[in-house]
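Shown next, in structure tokens, is the structure this report addresses.
The values are calculated or read from the model by the stated rules, or taken from the named source; none is laboratory data. These numbers come from a predicted model, not from an experiment. Reconstructed Cβ throughout: ideal geometry from the backbone, glycine too, with neighbour counts over all protein chains shown. Each accessible area value is taken on the protein alone, full model and side chains, heavy atoms only, with ligands, DNA and RNA left out. Shrake-Rupley method; radii C 1.70, N 1.55, O 1.52, S 1.80 Å.
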Amino acid sequence: MVVDGIEAEKALLRKAARARREALSPQFRTEASNAISFHFFDKVAFGPEDAIAGYWRIRDEADCQPILVRLMDGGQTVILPVVSGPEEPLEFRIWGSDAPLYEAGFGTLAPSDLAPRSEPDLILMPLLGFDKTGTRLGYGGGYYDRTLASMRKRPMLVGLAFSAQAFDHIPRENHDVPLDAVVTEDGVEFFEASL
């Protein structure tokens, strides 16, 4: 079956992507995350009224905290995703300035259950890999796929990654929504989103 072949290929790519990312030194990841923040604000357009969803870095992911802090300092609405169940879409909660964050599973932090919910206009997405057409290689849990399928409007999707996470080709399935852009320490690459 073709799907099984695609999943097997993605599993191999995930293993390679993890190895590439783990090979980067902590100092490099910190410096690269700061460069990613610079490039994001330099090249990615968004409005002052836009709600922007980020993520709380786990393990050796590109850290979007420098972006989130600057957005909050500028008065932007910042949202963090919360896993509400294994087969459920992500829930987006607004992270108010000075509001504490709580452990939310998978090594992430999130606003409290009482925080207001919102649909983002732009989502900063963690990823294992990406290719030149904007295909995102995630962790395989399908959380973002389910979430995007359930949303009323399609937000701008911006992947945050290290340039070492680039692949020539990642197979794309029907449910895989391509990125609009990816930001690495080397700059921003925009893609023509084609579903």
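Look at [x] 31, 21, 15; [y] 37, 21, 10; [z] 25, 20, 17: the one that is semi-axes √(5λ) of the Cα gyration tensor in Å derived from this structure is [z]. Of L68, L13, L24, the residue with the greatest mean-square motion in the GNM of the chain, using alpha carbon springs below 10 Å, is L24.
Under a 5 Å amide H cut-off, with hydrogens placed 1.01 Å from N, W56 pairs with L109 among residues at least 5 apart or on other chains.
When the charge dipole of segment 142-195 is built from unit charges on Cβ atoms (+1 for Lys and Arg, -1 for Asp and Glu) and taken about the Cα centre, the candidate among M151, V182, A166 whose Cα reaches farthest toward its positive end is M151. The relative contact order of the chain comes to 23 percent, based on Cα pairs under 8 Å that sit 6 or more residues apart. Look at where the Cα atoms of segment 23-68 and of segment 95-157 average out, and the two centres are 14 Å apart. In the chain, the DSSP-assigned H stretches of four residues or longer account for a calculated mean residue ellipticity at 222 nm of -9500 deg cm²/dmol, using -39500 (n - 2.57) per stretch and the full residue count as denominator.
Ligands, DNA and RNA left out, the accessible area of the chain computed with a 1.4 Å probe is 53% carbon and sulfur.
Here the chain carries DSSP beta bridges of which approximately 50% are antiparallel, counting only pairs with both residues inside. When its C-alpha radius of gyration is set against 2.2 N^0.38 Å (N residues), segment 115-195 gives a value of 1.06. Measuring how big segment 13-80 is from its alpha-carbon positions, Rg and Dmax come out at 13.6, 39 Å. Cross-link reach is defined here as a Cα-Cα straight distance under 26 Å, omitting same-chain residues fewer than 8 places apart; for K153 the lysines meeting it are K43, K132. Within the same chain, aspartates and glutamates fewer than 8 places from K10 are excluded, and of the rest, those with a Cα less than 19 Å from its Cα are E22, E61, D131, D145, D168, E173, D176. Please return the longest range in the chain lying between exposed loop sites, taking trypsin sites (Lys or Arg not before Pro), DSSP loop only, at most 11 other beta-carbon atoms within 10 Å, and leaving the sites out. Longest site-free region, per DSSP loop and neighbour criteria: 60-151. For D50, the amide hydrogen comes within under 5 Å of no other amide hydrogen, counting only partners 5 or more places away or on other chains and with H modelled in the peptide plane.
Per residue, the average separation of C-alpha pairs within less than 8 Å and at least 6 apart gives segment 50-120 a relative contact order of 32 percent. When GluC sites (Glu not before Pro) are flagged only if DSSP places them in a loop and at most 11 other Cβ atoms lie within 10 Å, the longest unflagged stretch of the chain comes out as 88-191.
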